[in-house]
Ligand code: NAD
């Protein structure tokens with residue numbers, strides 16, 4: 001531990017259980033001295049998040065469903081009341097109807113398109129606006145995306161479209177808040193087994209394909225994402241904003257399967 005997050009306070013949105021990417025990020029931040037608040041979506045997940053928060057020394061838990069803007073507002077009211085300011089936020093929230101995370105993208109319904117965009121993309125903009133008001137000494141915002149935003153990944157479908165819009169939001173928000181010393185970045189993680197990840201049809205096959213064909217020949221872990229997030233959330237990346245940073249064992253740079261895969 002180097003203590004690079006000592007004295008910094010941040011909000012983590014998106015821990016569902018100990019497999020969540022947001023949990024990998026939380027562990028890394030807490031180990032470097034950050035003080036954390038957590039949101040949870042509904043009481044059932046709250047029961048899982050509470051002991052995890054306690055593990056990293058936090059008793060600051062707030063319910064939040066991003067479909068309900070009043071609950072988003074109340075999160076930031078509570079943070080203002082208890083901390084008065086905020087140094088960073090992590091947005092690790094995504095959702096789409098799993099019945100549409102298979103088959104043709106063309107079959108996406110209007111209802112699910114809208115819901116997916118609101119939860120997985122626009123919520124980041126709504127949260128960023130509220131968080132920025134509390135980042136009185138500057139700050140860092142981080143969201144999570146996936147390579148399906150710019151490449152076609154089987155079954156990722158409408159989530160890919162939402163991630164493309166999310167990545168564009170990162171750039172626009174970075175431009176909006178840069179003059180206030182607030183940085184906005186995303187980590188594009190490789191496939192990881194999580195609750196949300198399991199909603200995508202054939203997720204196991206996609207994970208195994210990445211593992212066999214990524215330059216590092218492995219899947220990334222929530223701890224790999226956690227350690228990379230330290231750079232983007234700390235002053236180590238003081239000159240970086242509007243960036244989509246891949247933590248995917250290098251898979252995004254490839255243009256064809258490895259020769260081992262082709263010959264197997
Ligand atoms: P996860 O299931 O652990 O986390 C998803 C979180 O989104 C959960 O905590 C859930 O409560 C929250 N959420 C969903 N709808 C919500 C709503 N209406 N209001 C508030 N919260 C809501 O899965 P994860 O894989 O850790 O996902 C975190 C982020 O990482 C997502 O944006 C996901 O798209 C992204 N991501 C995941 C992978 C992967 O392979 N697992 C790869 C790249 C990016």
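The values are calculated or read from the model by the stated rules, or taken from the named source; none is laboratory data. Everything numeric in this text was worked out from a predicted model, so none of it was measured. Cβ: placed from backbone, ideal geometry, glycine included. Neighbour counts: every protein chain shown.
Points worth noting:
- Here residue 125 meets the list (1) away from the ligand (no atom under 13 Å from the Cβ); (2) part of a loop (DSSP other than H, G, I, E, B); (3) touching a helix residue (DSSP H, G or I) at 6+ places or on another chain (Cβ under 6 Å); (4) more than 25 Å from residue 6 (Cα to Cα) almost entirely, failing just condition (2).
- Residue 38 meets all of the listed conditions (1) away from the ligand (no atom under 15 Å from the Cβ); (2) touching a strand residue (DSSP E or B) at 6+ places or on another chain (Cβ under 8 Å); (3) under 17 Å from residue 86 (Cα atoms) but one, namely (1).
Residues are listed down the side, and each one gets a yes or a no for (1) outside any helix (DSSP H, G or I); (2) within 25 Å of residue 254 (Cβ to Cβ); (3) under 17 Å from the mean Cα position of the chain (by Cα):
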{"site": "121", "(1), (2), (3)": "no, no, yes"}
{"site": "163", "(1), (2), (3)": "no, yes, yes"}
{"site": "167", "(1), (2), (3)": "no, yes, yes"}
{"site": "173", "(1), (2), (3)": "no, no, yes"}
{"site": "178", "(1), (2), (3)": "no, no, no"}
{"site": "183", "(1), (2), (3)": "yes, no, yes"}
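- Against the list (1) touching a residue at least 24 places away in the same chain (Cβ under 8 Å); (2) within 30 Å of residue 133 (Cβ to Cβ), the condition residue 215 fails is (2).
- Selection status of residue 28, out of contact with any helix residue (DSSP H, G or I) (no Cβ under 7 Å at 6 or more places or on another chain) and part of a helix (DSSP H, G or I): no
- Options 232, 195; residue that is exposed (fewer than 14 other Cβ atoms within 10 Å of the Cβ) and within 15 Å of residue 92 (Cβ to Cβ): 195
- Some residue of the stretch 140-147 being more than 15 Å from the chain's Cα centre (by Cα), on the phi < 0 side of the Ramachandran plot and surrounded by fewer than 24 Cβ atoms within 10 Å (Cβ to Cβ): no
- Hey, residue 150 more than 11 Å from the ligand (Cβ to nearest atom), on the phi < 0 side of the Ramachandran plot and either surrounded by fewer than 19 Cβ atoms within 10 Å (Cβ to Cβ) or modelled with pLDDT of 95 or more (or both) or not: yes
- Within the stretch 76-89, if we keep just the residues that are assigned to a helix (DSSP H, G or I) and touching a helix residue (DSSP H, G or I) at 6+ places or on another chain (Cβ under 8 Å), the residue that is surrounded by the most Cβ atoms within 10 Å (Cβ to Cβ) turns out to be 79.
- From the list 11, 69, 62, the one residue that fits, being over 19 Å from residue 232 (Cβ atoms), in contact with a strand residue (DSSP E or B) (Cβ under 9 Å, 6 or more places away or on another chain) and either within 16 Å of the ligand (Cβ to nearest atom) or in contact (Cβ under 8 Å) with a residue 60 or more places away in the chain (or both), is 62.
- Test: residue in the stretch 203-212 that is within 17 Å of the chain's Cα centre (by Cα) and within 16 Å of the ligand (Cβ to nearest atom): no
- Restricting attention to the stretch 129-139 and to residues that are free of Cβ contacts under 8 Å to residues at least 60 places away in the same chain and assigned to a helix (DSSP H, G or I), the residue that is surrounded by the fewest Cβ atoms within 10 Å (Cβ to Cβ) turns out to be 133.
- Filtering 212, 217 for residues that are modelled with pLDDT of 95 or more and under 17 Å from residue 153 (Cβ atoms) leaves a single hit, 212.
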